[in-house]
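Beneath this line is the structure, given in structure tokens, with notes to follow.
The values are calculated or read from the model by the stated rules, or taken from the named source; none is laboratory data. Just so you know, these numbers come straight off a predicted model, no measurement behind them. With ideal geometry, Cβ positions are generated from the backbone for all residues, glycine too; neighbour counts draw on all protein chains shown.
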């Protein structure tokens, strides 16, 4: 009975330690016009012009998917499909960096026509990344003719920092900014089999950011 | 030791060796979307010289033993897709000075340089690629207007189990895509070309180009 209690106690501590915390901050430029209507579209894009990191495609996709599943009647355009359709105007080196550049871009008839076809109301630009900030411990694995197994303990800290900038295409202005900071510690004990107890840092940042964008534009 | 165990150990060793291999033989596979662009009112002649048709990136250094990256098909596809969206007509010519009738301007592209970087070399978690092209531009009399140099850059984030072939293929594809974007959007902004355009097209009809 005692080993079971110890096992449950340790498991509770480890699982509790895997929790990630997320802090969301919002800045709203204009409170009166930020509303989306049925039939409007929104596109979520990643900023990738920083040389030291790259906003992950899967994070941008995750935010887009979360918005798509929670905004009924609103079309969320997938990033790659939008960038391909608008080629070459939304390539990393050519994409508009601020809303004034977007104003210049819509003076080009082909660009204006394509954006109207999409019926876009909002552009959401996401910039940021997730990184492992600290790690410790070690796991060693051995393969022998009689069998294989691992032993050890490893732990690491992840941090996610993202900012979403929202442009209103109808009014051609900056609607606001949302930032998400998430952190958490993951553990991997290994007794024959490694058991990963992962803090869902990036997915926590994704769901929190999507939820905040949803409340921002509705 | 039983034969089955021996075979398993040998297989594991071969997988391990393959993972550490320093050789690379990559055939780049990529394509670019059709550009959203208005065509210049010009008939283009394009001359693909030997460098453009045959350039293959090779390296035989200590850390990159027998590296070969072949993107001949991808760059030909890029030019075949991009140029018709930039000019009202495109024809291949046999020489940059061919002075063919009906040709307003001739392009002669060549690969000047190509570089790639692996995550372990740059201590980042990205595969990167740079490709530099020189494009010689001639008027219909065969005189060179300018040599325009453009560089395409592409990078891709490392992912778990993404090998160097996949990582470099994606980075090079993105570099080619970047080159295509710069060709479409920057061609008429090159000062010598802008000057040439202003005296060779109807500026009242195309004021943005003059």
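Just a few scattered comments:
- Checking the stated criteria, residue B:185 turns out to be within 20 Å of residue B:76 (Cα to Cα), within 14 Å of chain A (Cβ to nearest Cβ) and not in a strand (DSSP E or B).
- Among (1) free of Cβ contacts under 8 Å to residues at least 24 places away in the same chain; (2) under 17 Å from the mean Cα position of the chain (by Cα) - the single one residue B:101 does not satisfy: (2)
- If only residues of region A:68-92 that are modelled with pLDDT under 95 and in contact with a strand residue (DSSP E or B) (Cβ under 7 Å, 6 or more places away or on another chain) are counted, the one that is nearest to residue A:212 (Cα to Cα) is A:68.
- Residue in region A:153-160 that is crowded, with 18+ Cβ neighbours inside 10 Å, in contact with a strand residue (DSSP E or B) (Cβ under 8 Å, 6 or more places away or on another chain) and either within 30 Å of residue A:100 (Cβ to Cβ) or without any contact (Cβ under 8 Å) to a residue 12 or more places away in the chain (or both) present: yes
- For region A:77-100, a residue qualifies if it is touching a helix residue (DSSP H, G or I) at 6+ places or on another chain (Cβ under 7 Å), outside any loop (DSSP other than H, G, I, E, B) and facing chain B (nearest Cβ under 7 Å), but none of them does.
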